[in-house]
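Enquirer: Okay, here's the structure, questions in a sec.
The values are calculated or read from the model by the stated rules, or taken from the named source; none is laboratory data. None of the values given here were measured: they were computed from a predicted structure. Here the Cβ is made from the backbone with ideal geometry for all residues, glycine too, and neighbour counts use every protein chain on show. These accessible areas exclude ligands, DNA and RNA; they are computed on the full protein's heavy atoms, side chains included. Shrake-Rupley method; radii C 1.70, N 1.55, O 1.52, S 1.80 Å.
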Amino acid sequence: MRLSENNAKLFVISAPSGCGKGTVLGEVFKNRDVFFSVSCTTRKPRSGEVNGVHYHFIDNIQFEKMAAEGKFLEHAGFVDHYYGTPKLPVTENLAAGRDVVLEIETNGAFQVKKAMPEAVLLFILPPSVKEIDRRLHKRGTEEEEVISKRVSEAAGEIAKAVDYDYVIMNDRLEDAVEDFITVMNGVKSGDGSAERFRSDNSDTKKLIEEVLNNA
Ligand code: 5GP
């Protein structure tokens with residue numbers, strides 16, 4: 001599948017749950033005209049989540065039907081539930097020249113890269129796995145059992161950051177927002193300013209190692 005001939009970009013963002021990515025993305029995209037893809041999921045809404053806004057909350061049968069009909073750009077299982085990106089809104093917005101943002105886990109991100117190699121994959125690192133555990137407990141939206149599944153999933157996800165195009169750290173919110181904007185603008189303009197955040201750069205590799213060793 002080819003992206004449009006215009007300069008619209010597909011940004012695929014991953015971060016372990018509890019990494020604060022929602023807050024970072026909210027700040028980064030506050031005044032930008034981008035299309036935020038709304039995923040389908042089979043998990044139940046958390047309090048405050050609105051159907052059609054945060055997710056399309058559907059059941060297993062509906063999900064499997066959409067998958068069989070090829071309506072997902074990617075889909076994956078994550079901690080006992082399915083998640084998937086509806087394909088049409090993504091391709092339509094790109095064709096119309098609008099940047100598109102997907103906020104998905106790592107297996108889905110690699111599926112997107114395979115289908116659309118021009119997609120830009122960005123990983124947001126937490127300072128440590130311990131910090132994820134702390135933030136999930138503080139958030140208090142999940143049962144203890146789900147928190148521990150999400151925390152053990154986190155280390156595996158962080159190890160995959162090396163296969164993303166760009167990696168930034170969310171230690172301080174202001175820094176994460178600034179770094180994220182640097183990457184986006186660098187990617188859009190092609191002026192090389194995003195290069196220091198590339199995953200194959202030695203500083204970035206060291207950063208990923210440090211986070212994993214901080215586990
Ligand atoms: P949560 O249940 O915390 O909203 O999301 C759990 C994980 O699923 C997060 O890592 C989130 O980024 C990911 N996710 C959300 N939507 C999608 C999707 O459409 N596809 C995939 N592969 N992952 C998703």
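Let's see how each residue does on (1) open to solvent by less than 80 Å² (accessible area, probe 1.4 Å); (2) at pLDDT below 95; (3) assigned to a strand (DSSP E or B):
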| site | (1), (2), (3) |
| --- | --- |
| ASP175 | yes, no, no |
| VAL183 | yes, no, no |
| ASP203 | no, yes, no |
| LEU212 | yes, yes, no |
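Enquirer: Hey, among the residues in the range 53-86 that are within 18 Å of PHE36 (Cβ to Cβ) and among the hydrophobic types (A, V, I, L, M, F, W, C), which one's farthest from the ligand (Cβ to nearest atom)?
Expert: Selected residue: VAL53.
Enquirer: Regarding GLU178, is this residue in contact with a helix residue (DSSP H, G or I) (Cβ under 9 Å, 6 or more places away or on another chain) and either at positive phi or free of Cβ contacts under 8 Å to residues at least 12 places away in the same chain (or both)? Reasoning before the result, please.
Expert: Values: in contact with a helix residue (DSSP H, G or I) (Cβ under 9 Å, 6 or more places away or on another chain): no; either at positive phi or free of Cβ contacts under 8 Å to residues at least 12 places away in the same chain (or both): yes.
No.
Enquirer: Checking GLY48 against (1) assigned to a loop (DSSP other than H, G, I, E, B); (2) away from the ligand (no atom under 11 Å from the Cβ); (3) touching a strand residue (DSSP E or B) at 6+ places or on another chain (Cβ under 7 Å): exactly one of these is not met. Which one?
Expert: Here GLY48 clears every test but (3).
Enquirer: Go through the range 119-157 and report how many residues are surrounded by 13 or more Cβ atoms within 10 Å (Cβ to Cβ) and part of a loop (DSSP other than H, G, I, E, B).
Expert: 6
Enquirer: If I ask for residues that are modelled with pLDDT of 90 or more and either hydroxyl-bearing (Ser, Thr, Tyr) or open to solvent by 20 Å² or more (accessible area, probe 1.4 Å) (or both), which ones from the range 8-29 would you list?
Expert: Answer for the range 8-29, where residues must be modelled with pLDDT of 90 or more and either hydroxyl-bearing (Ser, Thr, Tyr) or open to solvent by 20 Å² or more (accessible area, probe 1.4 Å) (or both): LYS9, SER14, THR23, GLY26, GLU27.
Enquirer: Sticking with this structure for a sec: Could you grab me the full set of residues in the range 82-118 that are outside any strand (DSSP E or B), hydroxyl-bearing (Ser, Thr, Tyr) and buried (at least 20 other Cβ atoms within 10 Å of the Cβ)? Working first, answer last.
Expert: If we filter the range 82-118 for residues that are outside any strand (DSSP E or B), which is where we start, we get 87-98, 104-118.
With hydroxyl-bearing (Ser, Thr, Tyr) added as a condition, the list becomes 91, 106.
Once the filter is applied, which keeps residues that are outside any strand (DSSP E or B), hydroxyl-bearing (Ser, Thr, Tyr) and buried (at least 20 other Cβ atoms within 10 Å of the Cβ), the range 82-118 yields only THR106.
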